[in-house]
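Just so it is clear, none of the values below were taken in a lab; they were calculated from the coordinates. Here the structure is a predicted model, which is why all the values come from computation and not from measurement. Please note: Cβ atoms are built from the backbone with ideal geometry, for glycine as well, and neighbour counts cover all protein chains shown.
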Amino acid sequence: MTPIDHFERVMAVLNGKKPDRIPCIPQITYTTAQLTGVGLVEALHSPEKTAEALLAGQRELGYDAIYVGWESSFNLLAEAMGCRMRFPEDSVPQVAEHVIKSPSDLDQLTIPDPQSSGRLPLHMKLLELIKDSVEGQVPLFAYSPGPFTLAGQLCGINDLMRATILDPQFVRDITEITMEASKAYALANVSMGVNVIVTADPTASGSLISSKTFESFAAPHLTAITKAVQKAGAFASLHICGNTNSILDSMAATGVSVLELDHLVNLIEAKKKVGNKVILMGNLNPAELLLTGTPKDVEEASRSCIKAVGADGRYILSSGCEIPPQAPLENIRAMVTATKKYGQFT
Ligand SMILES: [Zn+2]
């Protein structure tokens, strides 16, 4: 039997067909710096060094797709939309000053141009480098900010939360703009060869807002972005961290192909609720298992996930969220090993 390649395997799952085995796609970006020795901050300024690390990670550990990126897309976009950033010496940039201080500031916001605003051109260059190396062989995933989360970066999460009760019109107005910004960014990623746009909306988590707030302010925009991404010929995935049990139905109703679930979600329950609509992806504990566990622990936990929800092939083994930079690479390798041992269909 000819070994099926990464691209074919992942595309089979995304297109609703049974793959040769369960794909393994850990949410790994800057953890791959361990392989090339590039500094976490150094890579921020060098698409070449970032590409080298991301490509080495996939090549040496053997997982089935590359998350093309290094820092949070919502910080990248927040900077491009005018937030002042702090650049720590040993970490990725964070918002230091919000650009929206009152509702009247919304008039100043413009939709960033991925080719010229802020550091977005560096991300575009990174996409080009990765695409040139592995296009058609390894599927490319890329994060794009959820409009609710990006709004929180622009005006402050606490102010955004308060406004959902005291000034809902402001939330509608700001998320309308952030939806357009996210959509433009997502489509620019698709035009550079990204196969799966992962909209990351951690501030819209069931751990932070009610299902009613999610329905009102987050879901409609996520649906709009999903439609635009699909129309452009790519697949859409939705990544919301924390406990999302209360919003699983609404997440699936956005029309995405994949739900990326965090370790606080019970996979079997999620499968019962939305498994007929979406492909589930997740959900190994990034800190307590992948950072501090042993390869044996990881292999065993991966086996449990595959056994729990992998039987019909509509499942991708992954971490519940972004893998910490210091996680031992042997633990990532153990995830790949587990899909080979326990996730075979042919
Ligand atoms: Zn997450």
Convert 10 °C to kelvin, take the viscosity as 1.306 mPa s, use the Kirkwood radius over C-alpha pairs of region 271-312 as Rh, and evaluate the Stokes-Einstein diffusion coefficient in µm²/s, rounded to a whole number. 140 µm²/s
Kindly provide the Kirkwood hydrodynamic radius of region 54-200 in Å, to one decimal, from all pairs of distinct alpha carbon atoms. 16.0 Å
Given a Förster distance of 41 Å, report the FRET efficiency between ASP132 and LYS340 from their Cβ-Cβ distance, rounded to the nearest 0.05. 0.90
For ASP173 and ALA308 in the same chain, what is the full-extension length gain: residue separation times 0.36 nm, less their Cα-Cα distance, in nm? 44.4 nm
Size descriptor, Kirkwood hydrodynamic radius, that averages inverse alpha-carbon separations across region 1-114, Å: 16.8 Å
For the chain, Rg(Cα) over 2.2 N^0.38 Å is 0.94
Going by amide H atoms built from the backbone, whose H comes under 5 Å of the H on SER144, apart from near neighbours? VAL198, THR199, ALA200
Averaged over every viewing direction, what's the projected area of the C-alpha convex hull for region 213-305? Give it in nm², one decimal, please. 6.6 nm²
Once phi is turned into θ = phi - 60°, what whole-Hz ³J(HN,Hα) does the Karplus curve with 6.51, -1.76 and 1.60 give for every residue of region 202-210, x standing for Gly and Pro? x, 6, 8, 5, x, 6, 10, 10, 6
From the phi angles alone, apply the Karplus equation (6.51, -1.76, 1.60; θ = phi - 60°) to region 211-224 and give each ³J(HN,Hα) in whole Hz, x where the residue is Gly or Pro. 5, 5, 5, 4, 4, 6, 10, 10, 4, x, 6, 5, 5, 5
When ILE247, ILE268, ILE197 are ranked with the fewest other C-beta atoms within 10 Å first, the list becomes ILE268, ILE247, ILE197
Just the number, please: Stokes-Einstein D of region 148-191 in µm²/s, Kirkwood Rh from C-alpha pairs, 10 °C, 1.306 mPa s. 147 µm²/s
Those GluC sites (Glu not before Pro) from region 195-273 that are DSSP loop and have at most 15 other Cβ neighbours within 10 Å turn out to be none
For LEU261, LEU208, LEU106, order by how many other beta-carbon atoms lie within 10 Å, fewest first: LEU106, LEU208, LEU261
Region 6-342 - charge dipole about Cα centre, Lys and Arg +1 at Cβ, Asp and Glu -1, debye rounded to 20: 1140 debye
Tell me what the chain gives for mean residue ellipticity at 222 nm when only DSSP H runs of n ≥ 4 count, each as -39,500 (n - 2.57), the sum divided by the residue total, rounded to 500 deg cm²/dmol. -13500 deg cm²/dmol
If each residue's Cβ is checked for other Cβ atoms within 10 Å, how do CYS83, CYS241 rank with the fewest at the top? CYS83, CYS241
